[in-house]
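Below is one structure; the comments refer to it alone.
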């Protein structure tokens, strides 16, 4: 009995396990439907597409972890803008690759600084600040990117679609990034400060943490991750499009929640984001395999998110 | 007079009306011909569904939540309105009532499990969109004649959207600001603990507010197809952003149950007019949402300025 409660407690401390279990169940259901065919292809595709969700998910996770009310709604607009800017700067030339990368990072930096200054100067909730900012960013992207049909440099599109033995190289690269971010979260002063602020902002402030500086860094980090996603996604999908960021608003929040990060703040984990992103992609693949219509796929995606948050979000104390 | 002009409370409550008047004045200055009943009707056509969606969002914001699914929800009710409600009115009405009941149930779920509303409603936005796609897979359908008749109602001398907006504002103002239970509902956002200790059911207040939001969402969907006469699952995707911006422009505070129905309606009118303003300025429609974001930031900046003044005084 006591060993069972102990293992239950152990599970509670590793909430990310559920997303991997969910992924496994969905994958088994899919390949049992196809009779074992295409099981490897599903994994390859899941790794390729989940990569982009993981990139923005990591940024969103840091933002959400700084406490209730903190969320970055400007991610889709940021992806659209930084992707478009990078494509235009590079103009399809391989030797401009680094300049293009720098340009999209510059975009992300500007968006992050803008988001934070709205929060700080106007003293408005981050949801409203990032939402208003996203209006402006999206408009800039629309005006800037109208009729933009520039192919990404060959080097970039090759790198983003390269596979070794069915494993996308970009996914390996982002696994390394996620590992680094996990260390940043758990082992650095910055990461511990983010967690402390999320647990109790006032206590963190009294403990001598420069709360505003940490929040600033967090919103900039999230914007930089979104810009990175825009850059890579434009290379992956053969050019930037204005609505390529749209699906990442829900996706970035969903993978954070499903991955076991607390929406009340102060508790985060990176591995869960990978599990959740793979789970979400495989779920859609499974529904496709079963022949579900677009409507059913949308309904199922929504219901799963609501179900996960209902199960996970119950015992949060009100602050 | 001077006392009023420096009184932060007065300034804050006058801000929504002032922004609308400034925008109107600018439009009339650039394009004097807009100052006719026809011109106003044209410019403000879509103000009615936007105002109704804004009121729906306001109910949710009153209880300290945020609804990121109101746009797809309005789209769903528009799809039901243009299909079921026309071909089988009884089934249509039942479906719309079920939508409102679903909203009340969401309120209950959010209260019961103490869930963050943005995650729940973001998930639900996919559900609404999915159902809408099932109801109406391709754009089309026809709005019932009575809905079209209401929306093309004409009063000599006054543009219809203004009358409708005034009615919406007065009715909601009376219900939420002037009745004793309205005060309880707002209190559930301002000080839930006090309301709970006074013996009111917080679960009930949350469910009522969500149901009210669902009801106004349905009205928004129906009034929208009254104008367009056909529907599409994506017809109201932008309404989520419009409704949040409308509430904020109208002086609603994000937390604490401090909202204003009149302000929300004025905010919706302001947002609707931004589009016309840009067209008259010959600015590309690319910048329309950007301009709306800009106005939002400007009004928030003015409010921050007033608040700072108040803190100093």
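The values are calculated or read from the model by the stated rules, or taken from the named source; none is laboratory data. Remember, predicted model here, so these are calculated numbers, not experimental data. Backbone-built Cβ (ideal geometry, glycine too); neighbour counts: all protein chains shown.
Please verify whether the stretch B:285-293 includes one or more residues that are under 29 Å from residue B:191 (Cα atoms), surrounded by fewer than 24 Cβ atoms within 10 Å (Cβ to Cβ), within 17 Å of the chain's Cα centre (by Cα) and at the interface with chain A (Cβ under 9 Å from one of its Cβ atoms). So far as the stretch B:285-293 goes, no, none of its residues is under 29 Å from residue B:191 (Cα atoms), surrounded by fewer than 24 Cβ atoms within 10 Å (Cβ to Cβ), within 17 Å of the chain's Cα centre (by Cα) and at the interface with chain A (Cβ under 9 Å from one of its Cβ atoms). Among the candidates B:221, B:226, B:267, the residue that is in contact with a strand residue (DSSP E or B) (Cβ under 9 Å, 6 or more places away or on another chain), within 28 Å of residue B:38 (Cβ to Cβ) and in a helix (DSSP H, G or I) is uniquely B:221. Here the helices (runs of 4 or more DSSP H) wholly within the stretch B:67-151 that include at least 3 residues being within 14 Å of chain A (Cβ to nearest Cβ), closer than 24 Å to residue B:48 by Cα and in contact with a strand residue (DSSP E or B) (Cβ under 9 Å, 6 or more places away or on another chain) are B:70-82. The residue that is surrounded by the fewest Cβ atoms within 10 Å (Cβ to Cβ), counting only those in the stretch A:152-183 that are modelled with pLDDT of 90 or more and assigned to a loop (DSSP other than H, G, I, E, B), is A:162.
Looking for something assigned to a helix (DSSP H, G or I), out of contact with any helix residue (DSSP H, G or I) (no Cβ under 6 Å at 6 or more places or on another chain) and away from chain B (no Cβ under 13 Å) - is there at least one such residue anywhere in the stretch A:264-271? Checked the stretch A:264-271: at least one residue is assigned to a helix (DSSP H, G or I), out of contact with any helix residue (DSSP H, G or I) (no Cβ under 6 Å at 6 or more places or on another chain) and away from chain B (no Cβ under 13 Å).
Residues that are within 14 Å of chain B (Cβ to nearest Cβ) and in a loop (DSSP other than H, G, I, E, B) within the stretch A:91-145 comprise A:122, A:123, A:124, A:125, listed in sequence order. Has the stretch A:276-283 got any residue that is under 28 Å from residue A:179 (Cβ atoms), in contact with a helix residue (DSSP H, G or I) (Cβ under 9 Å, 6 or more places away or on another chain) and assigned to a loop (DSSP other than H, G, I, E, B)? Checked the stretch A:276-283: no residue is under 28 Å from residue A:179 (Cβ atoms), in contact with a helix residue (DSSP H, G or I) (Cβ under 9 Å, 6 or more places away or on another chain) and assigned to a loop (DSSP other than H, G, I, E, B).
Is there a residue being on the phi < 0 side of the Ramachandran plot and either within 9 Å of another protein chain (Cβ to nearest Cβ) or out of contact with any helix residue (DSSP H, G or I) (no Cβ under 6 Å at 6 or more places or on another chain) (or both) anywhere in the stretch B:58-66? Within the stretch B:58-66, one or more residues are on the phi < 0 side of the Ramachandran plot and either within 9 Å of another protein chain (Cβ to nearest Cβ) or out of contact with any helix residue (DSSP H, G or I) (no Cβ under 6 Å at 6 or more places or on another chain) (or both). Given the structure, is residue A:301 assigned to a helix (DSSP H, G or I) and either touching a residue at least 60 places away in the same chain (Cβ under 8 Å) or within 14 Å of another protein chain (Cβ to nearest Cβ) (or both)? Spelling it out, residue A:301 is indeed assigned to a helix (DSSP H, G or I) and either touching a residue at least 60 places away in the same chain (Cβ under 8 Å) or within 14 Å of another protein chain (Cβ to nearest Cβ) (or both). Only a single criterion out of (1) more than 20 Å from residue B:109 (Cα to Cα); (2) within 12 Å of chain B (Cβ to nearest Cβ); (3) part of a loop (DSSP other than H, G, I, E, B) is not satisfied by residue A:240, namely (2). Would you be able to say whether some residue in the stretch B:161-171 is more than 14 Å from every other protein chain (Cβ to nearest Cβ), assigned to a helix (DSSP H, G or I), out of contact with any strand residue (DSSP E or B) (no Cβ under 9 Å at 6 or more places or on another chain) and under 25 Å from residue B:106 (Cβ atoms)? Yes, the stretch B:161-171 contains at least one residue that is more than 14 Å from every other protein chain (Cβ to nearest Cβ), assigned to a helix (DSSP H, G or I), out of contact with any strand residue (DSSP E or B) (no Cβ under 9 Å at 6 or more places or on another chain) and under 25 Å from residue B:106 (Cβ atoms). Would you confirm, using the coordinates I've provided, whether residue B:227 is away from chain A (no Cβ under 14 Å), surrounded by fewer than 24 Cβ atoms within 10 Å (Cβ to Cβ), farther than 24 Å from residue B:20 by Cα and modelled with pLDDT of 90 or more? No, not satisfied.
Applying the set (1) under 25 Å from residue A:113 (Cβ atoms); (2) modelled with pLDDT of 90 or more; (3) surrounded by fewer than 18 Cβ atoms within 10 Å (Cβ to Cβ) to residue A:200 leaves exactly one unmet item: (1). Which residue out of B:300, B:305 is buried (at least 16 other Cβ atoms within 10 Å of the Cβ) and assigned to a helix (DSSP H, G or I)? None of the other options fit; the residue is B:300. For the residues B:81, B:141, the requirement of being touching a residue at least 24 places away in the same chain (Cβ under 8 Å) and crowded, with 24+ Cβ neighbours inside 10 Å singles out B:81. Every test in (1) surrounded by fewer than 24 Cβ atoms within 10 Å (Cβ to Cβ); (2) touching a helix residue (DSSP H, G or I) at 6+ places or on another chain (Cβ under 6 Å) is passed by residue A:112 save one, and that test is (1). What residue, among those in the stretch B:260-284 that are farther than 24 Å from residue B:57 by Cα and more than 12 Å from every other protein chain (Cβ to nearest Cβ), is surrounded by the fewest Cβ atoms within 10 Å (Cβ to Cβ)? The extreme case among them is B:282. If you go through the stretch B:238-259 and pick out every residue that is within 12 Å of another protein chain (Cβ to nearest Cβ) and outside any helix (DSSP H, G or I), you end up with 6. Here residue B:235 meets the list (1) part of a helix (DSSP H, G or I); (2) more than 10 Å from chain A (Cβ to nearest Cβ); (3) within 19 Å of residue B:46 (Cβ to Cβ) almost entirely, failing just condition (1). Residues considered: B:43, B:124. Of these, the only one that is more than 16 Å from the chain's Cα centre (by Cα), closer than 22 Å to residue A:73 by Cβ and touching a residue at least 12 places away in the same chain (Cβ under 8 Å) is B:124.
The number of residues in the stretch B:119-151 being in contact with a helix residue (DSSP H, G or I) (Cβ under 7 Å, 6 or more places away or on another chain) and closer than 30 Å to residue A:130 by Cβ comes to 14.
A single member of A:101, A:33, A:62 is modelled with pLDDT of 95 or more and surrounded by fewer than 24 Cβ atoms within 10 Å (Cβ to Cβ), and it is A:101.
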